[in-house]
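*Asks:* Supplied in structure tokens, the structure appears directly below.
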Amino acid sequence: MSARRVRLARFGLLATAFAVSACGLVYELALITLGAYLVGNTAKQASIVLAVMVFAMGLGALAAKPLRRWPALAFAAVELALALLGGFSVMLLYAAFSWTDLYSLPLVVVAAAIGLLIGAEIPLLMELLQRIREQAAGAAVADLNAADYLGGLIGGLAFPFVLLPFFGQIQGALLVGAINAVAGVLLVWVLFKDDLSKAAKQLLTLVAGLTAVLLVAAFAYTDRFEANARQALYAAPIVYSEDSQYQQIVMTEAASPFGEQDLRLYLNGDLQFSSVDEYRYHEALVHPAMNGPHENVLVLGGGDGLAVREILRYPDVETVTLVDLDGAVTDLAQTFDDLVDLNGGAMNDPRVDVVNADAFTWLREQTGTWDTIIVDMPDPDATETAKLYSVEFYGLATDHLGEGGRMVVQSGSPYFAPKTFWTIGSTLEAAGYAPTPYWVSVPSFGDWGYQLVQAGGEAPVLGLDTSVGPFQSLTPELMDAAQVFPPDRDRMDMEPSTLMHPVILDRVESEWNNY
């Protein structure tokens with residue numbers, strides 16, 4: 001082989017190493033992201049996937065040693081297997097989650113199998129590289145590692161910025177599976193076909209063709225599969241669904257037992273509201289906090305616009321700034337007719353300024369203050385939301401709460417998750433507040449609780465500005481009763497949650513997993 005052909009062959013092999021490395025990292029990220037969407041707690045999902053895959057990669061490298069006798073055929077077989085397993089991984093796990101009670105076990109099995117195959121790649125590529133031109137082991141390892149690590153960089157960037165937003169998780173994984181198959185088969189067919197017997201060539205052609213048919217068919221079937229799998233998770237018909245950059249958004253609608261239409265919003269499978277009783281939640285969230293200065297109001301979360309609807313009942317409100325991470329949710333609240341009807345068009349009011357940003361980061365960059373702050377965040381069942389229930393976050397809010405101003409924090413269920421509820425209270429105390437806890441009944445959620453605090457560190461008095469009434473679910477007498485907790489759910493002394501020690505994550509998971 002001439003020197004030029006040797007250089008081209010080495011370039012082709014290293015380019016293949018680059019491509020399959022990028023594919024392997026995409027599979028890892030896809031499994032982590034899927035777990036975060038379906039079950040929350042991104043840190044735990046990442047730990048499980050990475051630990052299992054890295055361990056399996058070590059086993060795969062050992063298992064590849066006997067295959068070095070047939071490196072070309074073995075490498076092609078590994079890549080075709082990876083194309084099918086990695087390409088179908090998201091679809092298989094989503095199906096397991098939707099139609100069975102299993103998820104964790106299939107996740108471990110799939111992650112381990114992908115790890116085994118990825119681990120076999122480098123030893124086989126090393127053998128093929130040496131067959132092109134023998135070189136010192138250290139130099140060969142350096143070349144392959146350079147291509148491998150660079151491929152990992154591209155795969156890591158391609159997943160969140162290209163595959164996820166443009167193709168979604170299922171089609172993105174299938175597309176990467178196709179790249180995996182093409183890279184592996186093309187390398188063997190172009191550079192090492194002479195190493196294959198006639199029967200091996202025919203078998204490779206047949207398996208590659210079947211792999212292509214399966215991947216293309218699955219890609220075309222994705223929308224129907226996803227619709228069926230998603231509907232299996234919800235009792236009511238789905239009227240809207242979207243996988244945004246940050247989460248899975250689903251809206252369902254059906255007739256309630258009371259004969260009215262029940263519109264529900266779910267984020268990553270967690271119920272955000274039911275139109276039948278959401279007024280109970282939002283009245284209790286907003287109006288006690290608004291019983292004080294409220295010309296300028298800041299809402300953190302609450303992208304559905306229902307809290308803003310309640311705020312705008314006060315005629316002296318001048319501005320409302322709503323900060324929600326996901327623009328897909330706030331767009332829905334401004335354009336989806338049923339939701340616009342429910343929030344009274346509040347998100348399109350000229351007094352409302354909608355900001356799509358991470359609340360923690362955004363608040364750090366602000367210099368102004370607000371009279372009232374409404375913290376209407378999703379429950380802290382994921383790493384991304386746990387920081388919004390930390391001492392640091394509440395301390396940051398202190399700098400932006402005007403004199404005499406009030407802040408309310410939705411705090412979950414004091415009945416189903418009492419440790420979580422009282423952890424939020426102790427976290428507010430550690431940030432310098434004296435919270436007034438209270439709770440109301442919201443049938444679609446159960447008993448639901450809040451923590452009300454006031455600038456200056458004094459415990460606020462729970463009350464209502466009845467001039468904007470009547471309220472559908474609140475009276476001054478009910479506000480007095482809302483501060484009374486039964487003995488089995490009375491105050492608990494809990495460790496506060498911080499950025500470096502987010503204890504609230506474990507408490508949410510341990511308590512809600514019991515229901």
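The values are calculated or read from the model by the stated rules, or taken from the named source; none is laboratory data. Bear in mind the structure is a predicted one, so any value in this text is a computation, not a measurement. We place every Cβ from the backbone using ideal geometry, glycine too, and count neighbours over all the protein chains shown. Ligands, DNA and RNA are stripped out before the accessible areas are found, and what is left, the full protein with its side chains, is counted by its heavy atoms. Shrake-Rupley method; radii C 1.70, N 1.55, O 1.52, S 1.80 Å.
*Asks:* How far, in nm, would the chain grow between GLU295 and ASP358 when pulled straight, counting 0.36 nm per residue and subtracting the alpha carbon separation?
*Replies:* Length gained between GLU295 and ASP358: 20.3 nm.
*Asks:* Just name one of PHE159, TRP189, SER275: the one whose Cα is farthest towards the positive end of the charge dipole of the range 155-307 (beta-carbon charges, Lys/Arg +1, Asp/Glu -1).
*Replies:* TRP189
*Asks:* Nearest 0.05, what FRET efficiency do ALA227 and LEU92 give at R0 = 22 Å with Cβ-Cβ as r?
*Replies:* 0.80
*Asks:* Which number comes out as Rg/Rh for the range 402-474 once both Rg and the Kirkwood Rh are worked out on C-alpha atoms?
*Replies:* We get a ratio of 1.00 for the range 402-474.
*Asks:* Sticking with this structure for a sec: Between VAL442 and residues 5 or more places away or on another chain, which pairs have amide H atoms under 5 Å apart, with H built 1.01 Å from N, and which residues are they?
*Replies:* So VAL442 has HN proximity to ASP447, TRP448.
*Asks:* Carbon and sulfur atoms: what percent of the 1.4 Å accessible area of the chain do they account for?
*Replies:* The computed percentage sits at 60.
*Asks:* Let me ask you something else. In whole angstrom, how long is each semi-axis of the equivalent ellipsoid of the range 265-349, when you take the square root of 5 times every eigenvalue of its Cα gyration tensor and sort them from largest down? Don't skip to the end; give the middle numbers.
*Replies:* Working: eigenvalues 83, 40, 29 Å².
Here the semi-axes work out to 20, 14, 12 Å.
*Asks:* Taking every DSSP beta bridge that has both residues in the chain, what percent is antiparallel when rounded to the nearest 5?
*Replies:* Restricted to the chain, the bridges split so that about 60 percent are antiparallel.
*Asks:* Something else: Efficiency by 1/(1 + (r/R0)^6): what FRET value for VAL109 and LEU62, r their Cβ-Cβ distance, R0 = 22 Å, to the nearest 0.05?
*Replies:* My answer for the efficiency is 0.70.
*Asks:* Additional query: Lysines near LYS44 by alpha-carbon distance under 19 Å, same-chain residues fewer than 8 away left out - which ones?
*Replies:* LYS387
*Asks:* Relative contact order for the chain: what is it in percent, counting Cα pairs under 8 Å that are at least 6 residues apart?
*Replies:* So the answer I get is 13 percent.
*Asks:* Based on Cβ point charges of +1 for Lys and Arg and -1 for Asp and Glu, what charge dipole magnitude is obtained for the range 343-405 about its Cα centre, in debye rounded to the nearest 20?
*Replies:* Here the range 343-405 has a charge dipole of around 80 debye.
*Asks:* Among the helices of the chain (complete DSSP H runs), which have Cα atoms covering no less than 30 Å along the helix axis and a Kyte-Doolittle mean of at least 0.5? Working shown, then result.
*Replies:* Numbers: long enough: 3-39 (54 Å, 1.26); 42-63 (31 Å, 1.65); 71-99 (39 Å, 1.72); 104-132 (43 Å, 1.73); 137-158 (31 Å, 1.03); 164-191 (35 Å, 1.82); 198-232 (48 Å, 0.60).
What comes out of the filter, once short or polar helices are dropped, is 3-39, 42-63, 71-99, 104-132, 137-158, 164-191, 198-232.
*Asks:* At ALA235 and SER467, where each label point lies 7 Å from the Cα along Cα→Cβ, what is the point-to-point distance in nanometres?
*Replies:* With each label placed 7 Å out from Cα toward Cβ, I get 4.3 nm.
*Asks:* Round to a whole angstrom and tell me the spacing of the C-alpha centers of the range 135-212 and the range 432-506.
*Replies:* One Cα centre to the other: 55 Å.
*Asks:* Relative to the Cα centre, what is the charge dipole magnitude of the chain, using +1 at the beta carbon of each Lys and Arg, -1 at the beta carbon of each Asp and Glu, and rounding to the nearest 20 debye?
*Replies:* 3800 debye
*Asks:* Over the range 249-377, what is the mean sequence separation of C-alpha contacts under 8 Å (at least six apart), divided by residue count, expressed as relative contact order in percent?
*Replies:* 25 percent
*Asks:* Among all the lysines, which ones have a C-alpha under 20 Å from LYS65's C-alpha, if same-chain residues fewer than 8 places away are not counted?
*Replies:* Hits, sequence-local ones excluded: zero.
*Asks:* Efficiency by 1/(1 + (r/R0)^6): what FRET value for ALA459 and GLU260, r their Cβ-Cβ distance, R0 = 45 Å, to the nearest 0.05?
*Replies:* 0.70
*Asks:* Leaving out ligands and nucleic acids, and using a 1.4 Å probe, what accessible area per residue does the range 401-515 come to in Å²?
*Replies:* Values: 5160 Å² over 115 residues.
That works out to 45 Å² for each residue.
*Asks:* In nm, what is the difference between 0.36 nm times the number of residues separating GLN202 and PHE55 and their Cα-Cα distance? All intermediate terms of the calculation are to be shown ahead of the outcome.
*Replies:* Details: separation 147, 0.36 × 147 = 52.92 nm, distance 3.42 nm.
Length difference between fully extended and current span is 49.5 nm.
*Asks:* Something else about it: Which is farthest toward the positive dipole end of the chain among PHE219, THR466, ALA19, measuring Cα position about the Cα centre, with Cβ charges +1 (Lys, Arg) and -1 (Asp, Glu)?
*Replies:* ALA19
*Asks:* Leaving out ligands and nucleic acids, and using a 1.4 Å probe, what accessible area per residue does the range 208-340 come to in Å²?
*Replies:* On the way: 5110 Å² over 133 residues.
Value returned for the range 208-340: 38 Å² of accessible area per residue.
*Asks:* Got the relative contact order for the range 1-149 handy, in percent, Cα pairs under 8 Å and 6 or more residues apart? Intermediate values should be presented prior to the final figure.
*Replies:* Numbers: 138 pairs, mean separation 58.0, N = 149.
39 percent.
*Asks:* Roughly how big is the range 22-123's charge dipole about its Cα centre, with Cβ charges of +1 (Lys, Arg) and -1 (Asp, Glu), in debye to the nearest 20?
*Replies:* That gives a dipole near 280 debye.
*Asks:* Here's a follow-up. Within 10 Å, count the other beta carbons around each residue, average over each peptide in 484-495, 71-82, 240-251, and list them highest first. Don't skip to the answer; put the middle values down first.
*Replies:* Working: 484-495: 12.0, 71-82: 23.7, 240-251: 18.0.
My ranking of the peptides, most packed first, is 71-82, 240-251, 484-495.
*Asks:* Straight-line reach from LYS419: which aspartates and glutamates have Cα under 16 Å away, leaving out those fewer than 8 places along the same chain?
*Replies:* Partners within reach: ASP379, ASP381, GLU429, ASP447, ASP488, ASP490, ASP493, GLU495, ASP506, GLU509, GLU511.
*Asks:* For the chain, with the dipole built from +1 on Lys and Arg beta-carbon atoms and -1 on Asp and Glu ones, taken about the Cα centre, which of THR383, PRO123, ALA72 lies farthest toward the positive end?
*Replies:* With unit charges placed on the Cβ atoms, the residue in question is ALA72.
*Asks:* Over the range 1-108, with the other protein chains present, what is the accessible area per residue in square angstrom, probe 1.4 angstrom? Before the final figure, lay out each step's value.
*Replies:* Working: 4780 Å² over 108 residues.
For the range 1-108, the solvent-accessible area averages 44 Å² per residue.
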